Structure formats: C-alpha cells, structure tokens
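For reference, the structure is listed below as structure tokens.
What follows is calculated from the coordinates using simple rules that are stated; it is not laboratory data. Note that this is a predicted model, so its numbers are computed, not measured. For neighbour counting, all protein chains shown are included, and Cβ atoms are generated from backbone atoms with ideal geometry for every residue, glycine included.
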Amino acid sequence: MTGQRGTSASRSVTSEPIGRPAPLARQESTATRAVQTAERITTEWGPTAGRILLGLVLAWFGYHELVHPSLWTGYVPILQSTSTAAILAVLAHGWVLLVLAVALVAGIAPRLAAAIAALLLLEIVISLTVTAGLSDLTLRDVGVLGLAICIAGAKGQRLLLTS
Amino acid sequence: MAPKSPSVGPRGFAVIIVAALAGILLGVHGWSARHNGGFNALGATHPPQAKSSPSSGPRATSPTPPSHAPTAGPSRSAAGPLLSAQSYSSYSFQVWPGTPSRAATAAMTGLKVSVKRQGSGISVAAGVVGQPASAPHFYPNGARVYIIEASMGDDSNSSDYNLGDDGLVVTDSAGRIVQ
C-alpha cells in the first residue's frame, strides 16, 4: 500500500511540475502529443503522398504530350519545333512519362521510377536553362526535380503493388 | 549493405504493360492529330473555332506557308460573332489600335504580331518567334487586333512553350470577329 502511494505521488509530481498550473501543463501535453502524431503521420505517409503527387504531375504531362504532341514541340531542344522528329520526340517523352506515372501511383518499383523521373527532369531543367535562362518555369521544374530525388531516396513507402 | 532490388511482381508487370499499351494508343491518336496544334495565326487554313463552337476556348489551327503579299480573301470580309460573346473574351488582349498594355505584351511572349497602316486599313501579320510569319492580311479601318492567351504560366522570358492556348483575333469596328 505504501509503495503504491509513493508511486502515485511520484506520477503526480512528474505530470504536473511544481509552480505550473495543471491546465497549462495538460495543454502542453496535448500539444506535444498532436505534434508527435503529426510527425508520425508525416514520416509514415509523406513519401507515399509525395510519390503519388509526383505521379499525377507526370501523368498530366504525359497524357497531354501524347494527345497533343504539336503543342509541346517548343520544348524540344535543337530540333525545329515543326519537324516530324520533334513530334516523335514529344510522343516518346510522353509515353515514358505516362509509364513512370503509373509506376509511381501504383507503387511499382517507385524508387527506380522516381530515379528515372529525376533524370528526365534534370534533362528538362538543363535544357530550359540553356535555351531560356533561369526563369519561373525552370525553377518550378527544379522543385519537381527535388521531389523526384527525395522519392528516389525515400524508404518506407506504403500502398505498394509489389506482388 | 546493398539496397534491396525493387520487387515488381506479376501484377506490377501487368499494370506497367497495360499502361505502356495505353500510352501507345494515345500516341497513335496524338500522331494522327499532330497537325491540329500550334499558334492560331492569321492565314489559318481553318476558320476560328469560335465560329463553330461558341462555348469552346481558343483553339489552334495549322498556319499556312508564308508569303509576303497582303491578301484579303472573300471569306474574311464576313463578320462573325461578337468577340465579347466568346468564352475566351476574358483572355483577349488588345494590341491594335493603341499601345499594347503590359498584359498584352506579356501575352505576346514568344509570338510576333505586326500591324501596319496601309491605305484605308491595316496590314496584319503574325507568327511564332523563330518561325516564318503568316502572310499579311488586309483589314479595313476600324479593325481591332487582339491576342489570345489563356494562360501566362507557359510563357518564360521570350519563349511561349505551349502555343495551344494562344491565338490572334481581328474584329471589325463593331467588335465582330472577322478573323
């Protein structure tokens, strides 16, 4: 009985420090728990959310490049934008983007898919920088490139289609 | 410790193959419609989309090969619908008459629009920077020239990377589309 009383007193001292009102301490405890929960959810689901969102970006661009290739030939470096070769390059690029998008969204070898996407985006960033200089468009792609690199290096993905 | 190799599995392979086939089909569709994109410049081989579908936005049509003699085909003399009644009117920026606004200048990024006084009217030519401009066309006095740009987000520095949302519209003095 004595030991139990002592334990109870000890717990009371630990949870409510001397000189601090109990409601404030409870609020801090609640806030701490909320932060910890948010951290846990972000850690567990952040890479998955990033992977799926990156996949959606690639899917959007891949689809439109495949359906309306002539609208995107302006991005093709070196080649004349009205040439057949530029159209074929856009179609091939769109096809790769679409397959990568499906792999990312479905969780099929996501790190490999993100690594390939990072290479594609790096090529795009370099190409845009060379042709048009550092611009808002280029920096947007730099951000997407960073996301792809993060996904390529992230472990602990969820919602994977592995078997 | 070496990283674990990605495990795809038969279902993953099946999904990838389906996606690849879907991509090929879309690519075939895109290839067959490859001529339906680009800047809707003067001298287009098709009438403006606004004439056939008032609810649609500005659409691109194929530019014709350039020539340098101003022309005024009979089909261009017939006035069409009011520009203000079109769904894309909010994306139109006047470039003639007067000095183009900052928005109009931004909308013209990657494009070149030339308007010159010529006798009792104006001569208008347009095209994409780096490519031959369309043949100049003549319009009587009172004509107004507008650039259409649905999204400025695809413009960067002096380049417009997506010409699908760009176009040029000429109206008569009453605001009716003539080109």
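Brief remarks follow.
- Calculated FRET efficiency for the pair B:ARG117/A:ALA154, C-beta based, R₀ 51 Å, to 0.05: 0.25
- Calculated FRET value between B:ASN141 and B:ALA20, using beta carbons and R₀ = 51 Å, to 0.05: 0.35
- log10 of Debye I(q)/I(0), alpha-carbon scatterers only, for chain A at 0.19, 0.21 Å⁻¹: -1.15, -1.29
- Length gained on full extension, B:SER101 to B:SER7, computed as 0.36 nm times the residue gap minus the Cα-Cα distance: 28.2 nm.
- Multiplying the residue separation of A:LEU53 and A:VAL130 by 0.36 nm and subtracting their alpha-carbon distance yields 25.0 nm.
- Counts of other chain beta carbons within 10 angstrom of each beta carbon in peptide B:137-146 average 0.
- Chain A: most fluctuating residue of A:LEU145, A:LEU100, A:LEU71 per GNM, C-alpha cutoff 10 Å: A:LEU71
- Look at the stretch A:154-160: the mean tally of other chain Cβ atoms within 10 Å of its residues' Cβ atoms is 1.
- Simple Cβ-charge dipole of segment A:19-153, Lys/Arg +1 and Asp/Glu -1, about Cα centre, in debye nearest 20: 520 debye
- Cα gyration tensor, segment A:69-153 - rounded (a/c under 1.5), prolate or oblate: oblate
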